[in-house]
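The values are calculated or read from the model by the stated rules, or taken from the named source; none is laboratory data. Bear in mind the structure is a predicted one, so any value in this text is a computation, not a measurement. A quick note on method: Cβ atoms are made from the backbone with ideal geometry, for glycine too, and the neighbour counts reach across all protein chains shown. Only protein heavy atoms, including side chains, enter the accessible area calculation; ligands, DNA and RNA are left aside. Shrake-Rupley method; radii C 1.70, N 1.55, O 1.52, S 1.80 Å.
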Amino acid sequence: MIISPSYFFPILNGIKMIRIRWLSNHCGYLLLLSTTPNRSYFANPISFLPSKDIKVRGAGCLSVRAVMSASGKASSQAVERVVVGNEEGRRGVEILRSVNDGYEGVIVELVEPMDAAVYGSSLRASISHWRQQGKRGVWIKLPIELVNLVEATVQQGFWYHHAEPKYLMLVYWIPEVEHTLPSNATHRVGIGAFVMNEKREMLVVQENSGVFRGTGVWKFPTGVIEEGEDIFDAAVREVKEETGVDSKFVEVLAFRQSHQAFFQKSDLFFLCMLQPLSFDIQKQDSEIAAAQWMPITEYAAQPFVQNHELTKYLIEICLAKIDGVYPGLSPVPTATPMPRTSSSSDKKKAYLYLSRSGLNRD
């Protein structure tokens, strides 16, 4: 019976130390770090001594192959498997492969199909292993193909963190204190595009769906920013998709935060100013009922704009901007060195939106 270096195995009848024999007739001891019955804990091989198989009540003989460091301490490699042999057969428990998350926790990304019962045993042993290592949060990423493992994961105390089209992320907190894990994404981020031509006409649309459907209200082209998309790119994309007009991003004029907006999530809305590069309109039939260039004064005179405080503020900002009395926010590229890395080129790229007024930078 041969298994991988360093192991977990069930503690039997409160035994603290079990002498074992390697198949090569070398042998030693396993020091169990806990004596709680029926639980799996880290087993630490500490010495080599000549001996023979030891009969453990209810378990048969234990034959284990282990690897020792030069100092006589257990290898630092992760625990992999334990096999307990008896007359009824053999049983193996594997520790789930993981990577550190940078915050004293681990991430497990499952790929291969597993039997739910085998997976549940491995997960229990893995949690014990991570607890001994002093880990805190445990993240398990389950692809949609492994939906059969969701119940077994929840049974071990995991809860849902977030879901994407192709995976479910579950999380577990090991310390017996309130967890400090980050919550799921709290905000949806959208844009509104203020596009005006040289005739002081602004690009407006009527929508095929949503709360404005059939109301006759003309509004800014709007949309939701996609994952990994910058605000300025999203504004240009949405204008092109909804109206067919090419444009160039100028500035962020303002933003609004609201709550309980979409499946109880909060919402951030950025009003962006864009410069048109083309003027022919080709509306998006699936989402847009109508699109046109409308005098800004006519847009502002709509009853909806006059009676809606937020929209009234937005049009006042737009008018102040085109009259040259309102400073907007321009995107400035930045690069921030990443922690825990020795590479000077490993920097996180981002954009800082700011008013250049009063700054001495180019």
Point to revise | the stretch 201-298: C-alpha gyration tensor shape, a/c 1.5 cut-off, then a/b vs b/c | key: oblate
Exercise for review: Would you please state the base-10 log of I(q)/I(0) at q = 0.09, 0.11, 0.20 1/Å for the stretch 230-355, with intensities from the Debye formula using one equal scatterer on every alpha carbon?
Suggested key: -0.37, -0.53, -1.38
Study note, to complete from the structure: Residue span Gln264 to Lys312: 0.36 nm per residue of separation minus Cα-Cα distance leaves a gain in nm of 14.7 nm
Exercise for review: Search the structure for amide H atoms under 5 Å from the amide H of Val332, placed 1.01 Å from N in the peptide plane, and list their residues when 5 or more places away or on another chain.
Suggested key: Leu352, Tyr353, Leu354
Point to revise | Semi-axis lengths, Å, the stretch 242-288, gyration tensor of Cα atoms, sqrt of 5 times eigenvalues | key: 27, 17, 5
Check your understanding: Per residue and in Å³, how big is the convex hull formed by the alpha-carbon atoms of the stretch 189-254?
Key -> 108 Å³
Exercise for review: Mind putting a number on the dipole of the stretch 196-351 about its Cα centre? Charges go on the C-beta only, +1 for Lys and Arg and -1 for Asp and Glu, and I need it in Debye to the nearest 20.
Suggested key: 440 debye
Review point. Which FRET efficiency value, to the nearest 0.05, is calculated for Val332 and Asp285 with the Förster distance at 56 angstrom and r the Cβ-Cβ distance?
Key: 0.90
**Study point:** Where trypsin sites (Lys or Arg not before Pro) fall in DSSP loop in the stretch 212-298, at most 16 other Cβ within 10 Å
**Key:** Arg213
**Study point:** Neighbour net charge for Ala289 - beta-carbon separation under 12 angstrom, K R +1, D E -1
**Key:** -1
Review point. So which chymotrypsin sites (Phe, Trp or Tyr not before Pro) in the stretch 196-297 end up in coil per DSSP with only 10 or fewer other C-beta atoms within 10 Å?
Key: Phe263
Exercise for review: Show me 122-133, 170-181 ranked by packing, highest mean number of other Cβ atoms within 10 Å first.
Suggested key: 122-133, 170-181
Revision key, fill the gap. The answer for the net charge of residues other than Val111 whose Cβ lies under 11 angstrom from its Cβ, with Lys and Arg +1 and Asp and Glu -1, is -1
Study note, to complete from the structure: The pairs in Lys248/Lys283; Lys219/Lys248; Lys166/Lys248 lying past 28 Å Cα-Cα in this model are Lys166/Lys248
Check your understanding: If you add up the charges near Asp230, with Lys and Arg at +1 and Asp and Glu at -1, over every other residue whose beta carbon is less than 13 angstrom from its beta carbon, what do you get?
Key -> -3
Exercise for review: In whole Å, largest first, what are the principal axis extents of the Cα atoms in the stretch 140-210?
Suggested key: 65, 31, 18
Review point. Excluding ligands and nucleic acids, what accessible area in Å² is computed for Ile95 using a 1.4 Å probe, to the nearest 10?
Key: 10 Å²
Practice item. Using Cα centres only, tell me the gap between the stretch 158-198 and the stretch 203-263 in whole Å. Key: 21 Å
**Study point:** the stretch 107-188: mean projected area of Cα convex hull, nm²
**Key:** 5.8 nm²
